[in-house]
Each structure stands twice: as C-alpha cells, then as structure tokens.
Amino acid sequence: MSDPLLVVEGLSVHFPVATGRPWGDKPVVRAVDGVDFTLAAGETLGIVGESGCGKSTTGNAILGLAPVTAGRVLFDGRDVAGLTGRARQALWRDLQVVFQDPVSALDPKRTIGQSIAEPLAIHGVDRTRRRARVDELMELVGLGAAQRDRYPNELSGGQRQRVVIARALALEPRVVICDEAVSALDVSIQSQVLNLLLRLQRELGLSYLFISHDLSVVHHVADRILVMYLGTVAEEAPTAELFARPLHPYTEALLSAVPIPDPVAERAKTSQPLGGDVPNPMDVPRGCPFVTRCPIREAGCETLRPRAVDLAPDHRVACHVREREITGTCALDRDAPEPR
C-alpha cells in the first residue's frame, strides 16, 4: 500500500479567550485537541459530528487558516508548517477547499469567469490559457461556457456551488477539502452536487476530506468516516463498518437520528437519541470528553481520558467500556488513579 497523501498527527488548535484581566491564567477554547488521521490518494474521508465539535477548525488548520497549537500536518511527506515562498505556493496548487456558502465565497462584483480565473491569475497563468481553462472547467462542472459573463446573483444556489467547485479545481489539486459543501442546498440539489463530486473524483483522481454534520450525506460519498466529539476523535472506521457496527455510544446516538426510508426498520431502532448539551469547550471534562452525556459511563471515565485504539480491523474507538467489552481489559483497569 502506498504512503498516505495527507497525514495529521496530534493536531491541536486552542484559542485563547480575552478576559479583560491582566492577571491569572487565560482560559482557552480547545477547538481541536489531539486529532490523528490519514487520507490516501483517491480516497474520501468523512469527518462528522455536532456543531462545535472541531471538524471545520481541523480543515482550516490543514489549510493554514487556523493556528496550530500542537501536532503537525504532512502533505505528501512534507510538514506544511515549514513551507514558505514557492514551496507553500505549490502546496496551494495541490490543496484546495470548497466552503459551505457559495454566496460568501464569490465576489458579487466579479463575473463567474473572473472568479474561476482568479487562482490561475495568482499563479501566473497567461490570459489566453486562463480563458481556455475557465471554459474547460465550466463544462466539467456542468455549467457551460456561455455562462462565464454572468454574475453570482444571476445563478441558483446549486449553480453557484458548481462555480466554487470549478474554481477549486482550476489548479488541478490533489486534495479538496469540502467543508459542509452541500449543507446550504435543497435536498434534490444536494444529490446532484454530490454525484458531481463523485464523478470528478473518478475522472480526476481527487482525494476528498468531506466535512459534514449529516451522516446520511457522508454515507453516500465517504470511504471512511471519522467521528469527532468536543475536539477529539471518538471513532473511525470504513463507512460500511461504521454504519453496520458502531462501537462508540456517541456514534450510536448519531446514527439513531439518521432517518431510514423503511417504516419497519425505523420502528426497530433500539439506540436512544442523544440527550444533553455539549460541554463548554473552555471547561472540557478531565476524563472522557463524552462522559457527561454517556449512557454507559463508569466512575473511572470521569478521570482518565481514553485513547483511540483498534477494536476491529481498521476500526478505532476511544471508549474505555467498549474496549473492555471487546478485549477484556482497558486503560481503566491498568492506569486508574489510586484511591485516596
């Protein structure tokens, strides 16, 4: 097996919070707290979780749009934090992004053709080649070159998102980060855009980091799924395995909320919906981040944070209780603090 194209190791992003006081420790928001994963060439990794779990911040840190507190990001074997000048500019050719809201992503004063051509101009592509490349890209995403002189407000939401996708592909990237790329679209348009992304992946050999709160959407596009909770990895597995055999209680709760187009199967669901609120990210539980909402927690879960360990082939889970159920032991048995 070839080496991963993208490697994220121990990634943490902590944001200091201004208190207005010159004394005392400054509180921090632990937006991302020790996340690890890899992305292979031609693969789609879905990152899912509730709002505020750190999935978008993870994508921004990879892109260099959020400061990395700890850990590192390797792209094609290179540490992106150490890249400067031409090397960093070359990285932006290989690593592009499609954001959630195409209205905010497009300049209303620029035509569609100008918006798609912008990255080509920044990277020094001459005017003749830029025009030809814009026409190629518009045809590729199903818009047609005849729309190059229209403005964003003249297009539908789905068409605008196709423009954003075309712009992201302008420099022939190898990885595209899709950050809630279809969540602002109607369901019928979502399906069209998802099918477009899958076709582009097959034709161009793209790798996707697909960030979404919607498990049913991720199920449609992802080869593997990473479940995040409060800035940490709760579970990671191949998509079919995760849906057939979720092991973390948080994943079980998320899946129980996914609608099933089968009344009999819907009635047969046994998992309970997720209750309670996500803890304040400035006051993260000392032990398992999920302990305040977990239906299977034990006393030690409040004091010792679980590591994400392999409990099945290519299936890692950060849960003391599940680890003990499957392996017969867990960190609570080995590393629990001595009683006072």
Answer residue from the range 132-151, given it is open to solvent by 10 Å² or more (accessible area, probe 1.4 Å) and assigned to a loop (DSSP other than H, G, I, E, B) and is nearest to residue 192 (Cα to Cα) among those: 142
Can you go through 336, 265, 318 and tell me which one is among the aliphatic types (A, V, I, L, M) and at pLDDT 95 or above? 318
Looking at (1) open to solvent by 30 Å² or more (accessible area, probe 1.4 Å); (2) under 30 Å from residue 66 (Cβ atoms); (3) not in a loop (DSSP other than H, G, I, E, B), find the lone condition where residue 108 falls short. (3)
Could you say which residue among 19, 44, 38, 69 is open to solvent by less than 60 Å² (accessible area, probe 1.4 Å) and farther than 23 Å from residue 176 by Cα? 19
Kindly list the number of the only condition in (1) modelled with pLDDT of 95 or more; (2) at positive phi that fails for residue 35. (2)
Looking only at residues that are touching a helix residue (DSSP H, G or I) at 6+ places or on another chain (Cβ under 9 Å), hydrophobic (A, V, I, L, M, F, W, C) and not in a loop (DSSP other than H, G, I, E, B) in the range 308-326, which one is surrounded by the most Cβ atoms within 10 Å (Cβ to Cβ)? 317
How about the range 192-214: which of its residues are under 9 Å from the mean Cα position of the chain (by Cα) and without any contact (Cβ under 8 Å) to a residue 60 or more places away in the chain? none
Among the strands (runs of 3 or more DSSP E) lying completely within the range 152-260, list those that include at least 1 residues that are open to solvent by less than 50 Å² (accessible area, probe 1.4 Å) and in contact with an Asp or Glu (Cβ under 6 Å, 6 or more places away or on another chain). 207-212, 224-229, 232-238
Does any residue in the range 19-31 that is in a loop (DSSP other than H, G, I, E, B) come within less than 8 Å, Cβ to Cβ, of a residue that is at pLDDT below 75 six or more places away or on a different chain, and which pairs are these? 26/19; 27/19
Please verify whether the range 189-201 includes one or more residues that are among the charged types (D, E, K, R), under 18 Å from residue 8 (Cα atoms) and modelled with pLDDT of 95 or more. no
Quick test of your reading of the structure: residue 49 fulfils all but one of (1) open to solvent by 10 Å² or more (accessible area, probe 1.4 Å); (2) touching a His at 6+ places or on another chain (Cβ under 8 Å); (3) under 21 Å from residue 307 (Cα atoms). Name the failing condition by number. (1)
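The values are calculated or read from the model by the stated rules, or taken from the named source; none is laboratory data. Computed from a predicted model, the values in this text were never measured in an experiment. Note: ideal-geometry Cβ built from the backbone for every residue, glycine included; neighbour counts use all protein chains shown. Please note that ligands, DNA and RNA were not included when accessible areas were found on the heavy atoms of the full protein model with its side chains. Shrake-Rupley method; radii C 1.70, N 1.55, O 1.52, S 1.80 Å.
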